[in-house]
Amino acid sequence: QVNLVESGGGLVQAGGSLRLSCEAPEHTDSTHAVGWFRQAPGKEREFVAAINWRGVFWDYADSMLGRATISADNAKKTVTLEINNLKPEDTAIYYCATATYVTENRDEYDNWGQGTQVTVSS
């Protein structure tokens, strides 16, 4: 079991940027991956981006292409997701989770954080 703590959410105007962090102080396996998902009210939790701890493999949802960057610092046990040009439809609770490999499949992720709220005003 790996505890995950998200931070960095908040209220931002459309067009602005946010940097979300996922800390995993108990993480030990550098071959594993961390994914970011989000869930808006009344919608299913959806994939946002993922990266493995070595930073060799990564993946982004189509909605994030060109405006999001995910990075992993294995030494600091932190994965960071930066999203630029935020849109009101990006409003959601953002969660990080761990998996044994980079995947968009939500069912492959086991440990989940509590989430951090991101609200984008128009």
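No value in this document is a laboratory result; all are computed from the given coordinates. As the structure is a computational prediction, the values presented were derived from the model and not from experiment. Using ideal geometry, Cβ is built from the backbone for each residue, glycine included, and neighbour counts are taken over all protein chains shown.
Placing a pseudo-label 7 Å from each Cα along the Cα-to-Cβ vector at GLN117 and SER63 gives an inter-label distance of 1.9 nm.
In the chain the longest region clear of trypsin sites (Lys or Arg not before Pro) that are loop-assigned by DSSP and have at most 16 other C-beta atoms within 10 Å covers 77-122.
Charges were assigned to the Cβ only: +1 to each Lys and Arg, -1 to each Asp and Glu. The resulting dipole of segment 54-122 about its Cα centre is roughly 280 debye.
Cross-link reach is defined here as a Cα-Cα straight distance under 20 Å, omitting same-chain residues fewer than 8 places apart; for LYS87 the lysines meeting it are LYS43. Among the GluC sites (Glu not before Pro) within segment 25-70, those in coil by DSSP and having at most 15 neighbouring Cβ atoms inside 10 Å are GLU26, GLU44. Near ALA49, the amide H atoms lying under 5 Å from its own belong to TRP36, ALA61; only residues 5 or more places off or on other chains count, and H is placed 1.01 Å from N. What separates the Cα centres of segment 52-72 and segment 91-119 is a distance of 13 Å. With contacts taken as Cα pairs under 8 Å at a separation of at least 6 residues, the chain carries a relative contact order of 36 percent. Eigen-decomposition of the gyration tensor built on the alpha-carbon atoms of segment 34-121 gives equivalent ellipsoid semi-axes of 20, 15, 12 angstrom, largest listed first.
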